[in-house]
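Below you'll find the structure, written out as structure tokens, and then a few comments.
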Amino acid sequence: MVFHKKTIPEEFGTLEREVRQQMEKYKFCQSCGMPFGKDPHGGGTLKDGSKCSKFCSFCYKDGEFIGGDVSLKEFQEHTRKAMIKDGANSFLAWLFTRKMFLKNLERWKGK
């Protein structure tokens, strides 16, 4: 579901409205590229427990990256294995973890 400024109900608080607008801005996790629609939790969490609109729940929890500060190469390998374990086709898992896909995401830009 896409929320447009016009369709966000007035009864939502300012913070929730801002989060929804950010979710509109980011359709994919800015760490792994997974569509937010596939995230069972609708995004990761910030330190205060609120939803993070930039990173998914598989990548980000309590304001930190799960797995710590890893290199792109380490992240690619971990993510590829996790995708295969969860039933993804091994070729597609390899393809979607290539630098050509990840390099445009905010976490990996310039790395």
(message) Among the numbered criteria (1) surrounded by 12 or more Cβ atoms within 10 Å (Cβ to Cβ); (2) modelled with pLDDT of 90 or more, which one does Asp69 miss?
(response) (1)
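Would you confirm, using the coordinates I've provided, whether Thr45 is buried (at least 17 other Cβ atoms within 10 Å of the Cβ) and touching a residue at least 24 places away in the same chain (Cβ under 8 Å)? Write out each step before concluding.
Working: buried (at least 17 other Cβ atoms within 10 Å of the Cβ): yes; touching a residue at least 24 places away in the same chain (Cβ under 8 Å): no.
So Thr45 fails the test.
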(request) Return the pairs, sorted by first residue and then second, in which the second residue is assigned to a strand (DSSP E or B), the first residue lies in the stretch 49-73 and is within 15 Å of Leu105 (Cα to Cα), the beta carbons are less than 8 Å apart, and the residues are 6+ apart or on different chains. (result) Lys54/Tyr60; Phe55/Phe65; Cys59/Phe65; Tyr60/Thr45
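Take Gly87 and decide whether it is assigned to a loop (DSSP other than H, G, I, E, B) and not assigned by TED's automatic domain parsing to the domain that holds Phe28.
Details: assigned to a loop (DSSP other than H, G, I, E, B): yes; not assigned by TED's automatic domain parsing to the domain that holds Phe28: yes.
Considered against the rule, which asks whether it is assigned to a loop (DSSP other than H, G, I, E, B) and not assigned by TED's automatic domain parsing to the domain that holds Phe28, Gly87 comes out as yes.
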(request) Quick one: Lys47 ticks every box in (1) of a type outside the set (S, T, N, Q); (2) assigned by TED's automatic domain parsing to the domain that holds Gly110; (3) modelled with pLDDT of 95 or more; (4) assigned to a loop (DSSP other than H, G, I, E, B) except a single one, so which number is it? (result) (2)
(message) I need a count of the residues in the stretch 13-44 that are modelled with pLDDT of 95 or more and among the aliphatic types (A, V, I, L, M).
(response) 0
(message) Would you confirm, using the coordinates I've provided, whether Cys29 is under 8 Å from the mean Cα position of the chain (by Cα) and in contact (Cβ under 8 Å) with a residue 40 or more places away in the chain?
(response) yes
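The values are calculated or read from the model by the stated rules, or taken from the named source; none is laboratory data. Quick caveat: nothing in here was measured; it's all calculated off a predicted structure. With ideal geometry, Cβ positions are generated from the backbone for all residues, glycine too; neighbour counts draw on all protein chains shown.
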